[in-house]
């Protein structure tokens, strides 16, 4: 039986674990259950309804067979009592039971979590001994998960993204090749550009006060923060809120995608920014300000090719589906967006290009993007 709705919202006063026919329910294996989590994340991006992933595992190890028996009892108890829209299965075969409660169109996350925890606990206490119940650890994971600005740890909840780990495992040999290419390529380019580092550093010092390098917190893959390096292109004292206000409005579509210098092209970056120095304008136009990012590539924060890493305040106004651009690939210096649209496409189009790159990535695609990048830099299209 499906819980009744009130004003298009699931009524949480109705038990979330109502009786259903046991013969009609079936637990999913690990592969299919994890696939269901991925599908539910994408559905949530469209529906705006949340879901909760509950994980149940035996908290202390007293032998694999004994552990499996208790978890099988847990699964047997939950299967006939969940809603038709919910799913039970193995999150980790024989070790962790997962329960997916979907379509939760509610505003108070704590009410949802407490209600589900209470109903599941009551169900399990009715079929397990007290000793068995005490051995079952229960964790709840709400999606969309909160992404904070804590730079000391991942901002995402990895339990909600098991598909990313399996994806990386399948592509491990190719990802190793990508990393080797990043190390060798960035090291070679740093050596070749060493004279430019000296010339540019001197020009920056002579033209304006302040350090040669600009350091800024960026968000890398999985929401991890790192310090991005660039040659300083602005005056040392400037109002950073100008860019913050512009970008946040553009991403959230409070302002429309604009035009540049009377042309019909849209732009994602500020033009005629008075905070930029004369030397800085040249560096930006030629993309020479990004040379220090080869150091980021060398130490592993970035890749030669990948999505551009966002600033934390940009991430704060992302829609849920926008987040996938920082989940599915390591950030890079150049990428599909830079060679196809650069600053001349709106934000949603940029995200779609990043997702297209992540879904179709091959070493050959990286090579094609790298070979096309110099011509884009020479043309200077979309660089400000």
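What follows is calculated from the coordinates using simple rules that are stated; it is not laboratory data. The model shown is predicted, which means the values in this text are computed figures rather than measured ones. Don't worry about glycine lacking a Cβ; one is built from the backbone with ideal geometry, like all the others, and counts go over all protein chains shown.
The relative contact order of region 275-354 comes to 31 percent, based on Cα pairs under 8 Å that sit 6 or more residues apart. Working from label points 7 Å from Cα in the Cα-to-Cβ sense, the residue 194 to residue 319 distance is 4.9 nm. Take 168-174, 75-81 and order them by the average number of nearby Cβ atoms within 10 Å per residue, most first; the result is 75-81, 168-174.
Which values of log₁₀ I(q)/I(0), to two decimal places, follow from the Debye formula for region 166-379 at q = 0.11, 0.16, 0.18 Å⁻¹ with a uniform point scatterer at every Cα? The computed values of log10 I(q)/I(0) come out as -0.54, -1.22, -1.55. Label zone of residue 157 (point 7 Å out along Cα→Cβ, amide N under 19 Å): in region 26-40 this covers 33-40. Among 178, 340, sorting on how many other beta-carbon atoms sit within 10 Å of each Cβ, with the fewest leading, yields 340, 178. For region 166-379, averaging the sequence separation of C-alpha pairs within contact (under 8 Å, six or more residues apart) and dividing by the residue count gives a relative contact order of 23 percent. By the count of neighbouring beta-carbon atoms within 10 Å, fewest first, 108, 346 end up ordered 108, 346. Available extension along the chain between residue 348 and residue 146 is 70.6 nm, counting 0.36 nm per residue and deducting the alpha carbon span. Quick one: if you stick a label point 7 Å off each Cα along the C-beta vector at residue 184 and residue 171, how many nm between them? It is 2.0 nm.
Here the label points at residue 109 and residue 43, each 7 Å from Cα along the C-beta direction, are separated by 2.1 nm in the simple model.
Find how much the distance from residue 299 to residue 129 grows on full extension, using 0.36 nm per residue of separation minus their present alpha carbon separation; answer in nm with one decimal.
My answer for the length gained is 56.0 nm.
Counting neighbouring beta carbons within 10 Å and listing from fewest to most, the residues 226, 246 come out as 246, 226.
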